[in-house]
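The values are calculated or read from the model by the stated rules, or taken from the named source; none is laboratory data. Here the structure is a predicted model, which means the values were calculated and not measured. Backbone-built Cβ (ideal geometry, glycine too); neighbour counts: all protein chains shown. We work out accessible area using only protein heavy atoms, side chains counted, and drop any ligands, DNA or RNA first. Shrake-Rupley method; radii C 1.70, N 1.55, O 1.52, S 1.80 Å.
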Amino acid sequence: MQKLKSVLVSIEQSGRIEMDVLQQLTQEEKEIVYTLFHENLVTEALVFLEEMDTDLEWQEFMEKAYASKKQRVSLLRPLLKYAAIFIGVIATGYLVFRQNEMASQNTISETTIKLKMGNDNVKVIQEESSQQIVSASGKVLGVQKGNRISYKIDSEIGELVYNELEIPFGKIFEVELSDGTLVHLNSGTKIKYPVKFLKTGKREIFINGEAYFKVAKDMEHPFVVHSEEVAVEVLGTEFNFSSYEEDEEIRTVLVEGAVSMTNTLAPEEDLVLVPGTKGAWNKISHTTHEEEVDVHLYTGWIKGELVFRNVSFSDMSKKLERSYNVVIENNNDLLSRKILNARFNVDIESIEDVMKSIGEVHAFNYVIKNRKITID
């Protein structure tokens, strides 16, 4: 099975059949390859073969397939009988695989961490387990252990191939990119990145949400974070980046090193930050501004801390929704405008603890039902 898979991978990558790679196959296997190639089923065959863990499992499956297809073989040309059987197995197996995959995707919970690999392949990430991250062609790209995915620096990838991670409300996650850059991902964040950075050009990733970056230094390959019209470029540093769709600003808070913040609408506005400052681009006015800030207010979330300073409850509720995976329906106008200062830890205090604490400052009535909080 491995020899056949290797040949199919070669064909998928090159788009043609190389005669020298066929020499390792039997005559029956060669017939299978030719038929798959002409029927445009190479990719489907690879997907199907990757579901087989061992050669023994494949052999047992083929024996069953031959038995079930015995009556149909006589209707086919003898020269293609093995290929025809294989095509039938592939078509049946791939159909079952796709149906199971689609059923699995349909039942994926909104609270599940999802890894998208290609257009249709969505892998569920279970934080309590470990697994290898494998490409469609069978190459090991990295490994997931607990709440972190780490990509290999020496994976056999020669072109830009992207993965996408989606972190649901109520969870945080980590991804170590192939260059050693560590990214902490906050609740409600989506990030797109190459499974391996190439030896030329910039190291570019795309994000919607919030992340804390510890960028591996590489003077020859700047690291660039893209979100909507904003780009932040660094060589090696630590910074927090926030770009939630519902927020009016895209913000960068620098912890150490230096970053350059630009936007496509006004490329001449190149804002260079120093540690302890925040750069923000307003989505409505399309203006950029800079200010000194308490860095911890923007980075405490990595340890589960939510720190609010002179923030309206309306703005506070957005973070509470993301961090606790709840929906807050506030019908209290006075509370919406109330300016508050508070500190919570999602690992210690429940959302009900939070509501009670806020209620001690500004009294209000609320009901919690099925992760929805209604305030009157």
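Data overview
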{"item": "Cβ-Cβ under 6 Å pairs, at least 6 apart or on other chains, region 145-168 side on the phi > 0 side of the Ramachandran plot, far side part of a loop (DSSP other than H, G, I, E, B)", "result": "146/127"}
{"item": "Members of region 223-241 that are on the phi < 0 side of the Ramachandran plot, open to solvent by 50 Å² or more (accessible area, probe 1.4 Å) and of a type in the set (Asp, Glu)", "result": "229, 233"}
{"item": "Qualifying residue in region 131-149 (condition: open to solvent by less than 30 Å² (accessible area, probe 1.4 Å) and closer than 23 Å to residue 235 by Cα)", "result": "yes"}
{"item": "Tally, over region 260-297, of residues that are buried (at least 18 other Cβ atoms within 10 Å of the Cβ) and in a loop (DSSP other than H, G, I, E, B)", "result": "1"}
{"item": "Pairs where the first residue, in region 169-195, is touching a residue at least 40 places away in the same chain (Cβ under 8 Å) and assigned to a strand (DSSP E or B) and the second is open to solvent by 40 Å² or more (accessible area, probe 1.4 Å) and among the basic types (Lys, Arg), C-beta under 7 Å, 6+ apart", "result": "none"}
{"item": "Residue under evaluation residue 155, criteria (1) open to solvent by 10 Å² or more (accessible area, probe 1.4 Å); (2) over 12 Å from the mean Cα position of the chain (by Cα); (3) small (Gly, Ala, Ser), criterion not met", "result": "(1)"}
{"item": "Any hit, region 364-376, residues being touching a helix residue (DSSP H, G or I) at 6+ places or on another chain (Cβ under 9 Å) and on the phi > 0 side of the Ramachandran plot", "result": "yes"}
{"item": "Evaluation of residue 320 against (1) out of contact with any helix residue (DSSP H, G or I) (no Cβ under 7 Å at 6 or more places or on another chain); (2) without any contact (Cβ under 8 Å) to a residue 60 or more places away in the chain; (3) within 27 Å of residue 206 (Cβ to Cβ); (4) not small (Gly, Ala, Ser) (one fails), failing number", "result": "(1)"}
{"item": "Failed item in (1) open to solvent by 30 Å² or more (accessible area, probe 1.4 Å); (2) part of a strand (DSSP E or B); (3) over 23 Å from residue 319 (Cβ atoms), with residue 220 passing the rest", "result": "(2)"}
{"item": "Given (1) in a strand (DSSP E or B); (2) touching a residue at least 40 places away in the same chain (Cβ under 8 Å); (3) open to solvent by 40 Å² or more (accessible area, probe 1.4 Å), index of the condition residue 348 fails", "result": "(1)"}
{"item": "Qualifying residue in region 326-340 (condition: hydrophobic (A, V, I, L, M, F, W, C), exposed (fewer than 12 other Cβ atoms within 10 Å of the Cβ) and either part of a helix (DSSP H, G or I) or touching a strand residue (DSSP E or B) at 6+ places or on another chain (Cβ under 8 Å) (or both))", "result": "yes"}
{"item": "Within region 158-168, tally of residues that are under 27 Å from residue 318 (Cβ atoms), touching a Ser or Thr at 6+ places or on another chain (Cβ under 9 Å) and either assigned to a loop (DSSP other than H, G, I, E, B) or open to solvent by 40 Å² or more (accessible area, probe 1.4 Å) (or both)", "result": "2"}
{"item": "Leading residue by the ranking (nearest to residue 296 (Cα to Cα)) among those in region 351-376 that are open to solvent by 40 Å² or more (accessible area, probe 1.4 Å) and of a type in the set (Val, Ile, Thr)", "result": "361"}
